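Below you'll find the structure, written out as structure tokens, and then a few comments.
The values are calculated or read from the model by the stated rules, or taken from the named source; none is laboratory data. Note that the structure is predicted; figures quoted are calculated from it, not measured. Heads up, the Cβs are rebuilt from the backbone with ideal geometry, glycines too, and the neighbour counts pull from every protein chain shown. With ligands, DNA and RNA removed, areas are computed over all heavy atoms of the protein, side chains included. Shrake-Rupley method; radii C 1.70, N 1.55, O 1.52, S 1.80 Å.
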Amino acid sequence: MSYDLHPGPIVDDILFLKDSHRARDIFNNKEPKNLVFRRADQKFFSLFNNNPITENVKRYVNIAGFGGLLDCGYRNLDHGLLDALIERWRPETHTFHLPIGEATVTLEDVNVLWGLPIEGGVVSGCENPSSVAERIVRCHTLLAELGECCFSGAVQESV
């Protein structure tokens, strides 16, 4: 039994990058360029392993909803799997084109796989450049709000 695999959707009118996508080389039996994978979390997890977080800090990380990231730990990359997914990713539609159909990553997937909350306030990068003193004040403010929210106003400051 033979299957005829198509490299993408039957109607590819919306795929404006189809002539420059790496999948084109693969389906034309050309050797695609080697991918270079970079990641920035190795230093964090190395520091994390050499200096374990105390239970008190871990409790606040869990309350903030980021405990899943700490629990998952450092993972080695499966370069073959990532290469295959990149070959099937279509940036025009933000989906993976697989032999069984199209698939995408949803917020529910992020919630299930990483244990990250998908409801509530947005957590993002630094909004405005600030001094260290301003960041310390902001941190104390956020911890106080977190304490009021989660501990019914029972926030104690250590001197």
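Couple of notes before you dig in:
- Subset of segment 73-104 (residues that are surrounded by 12 or more Cβ atoms within 10 Å (Cβ to Cβ) and under 30 Å from L143 (Cα atoms)): Y74
- Any hit, segment 110-130, residues being surrounded by 13 or more Cβ atoms within 10 Å (Cβ to Cβ), at pLDDT below 80, out of contact with any Lys or Arg (no Cβ under 6 Å at 6 or more places or on another chain) and part of a loop (DSSP other than H, G, I, E, B): no
To keep it simple, each residue is scored yes or no on (1) modelled with pLDDT of 85 or more; (2) of a type outside the set (K, R); (3) assigned to a helix (DSSP H, G or I).
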{"residue": "P32", "(1), (2), (3)": "no, yes, no"}
{"residue": "V61", "(1), (2), (3)": "yes, yes, yes"}
{"residue": "A84", "(1), (2), (3)": "no, yes, yes"}
{"residue": "E92", "(1), (2), (3)": "no, yes, no"}
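- Each residue in segment 24-56 was checked for being within 19 Å of L142 (Cα to Cα) and either surrounded by 11 or more Cβ atoms within 10 Å (Cβ to Cβ) or in contact (Cβ under 8 Å) with a residue 40 or more places away in the chain (or both), and 0 pass.
- Enumeration of residues in segment 57-69 that are open to solvent by less than 60 Å² (accessible area, probe 1.4 Å) and free of Cβ contacts under 8 Å to residues at least 12 places away in the same chain: V61
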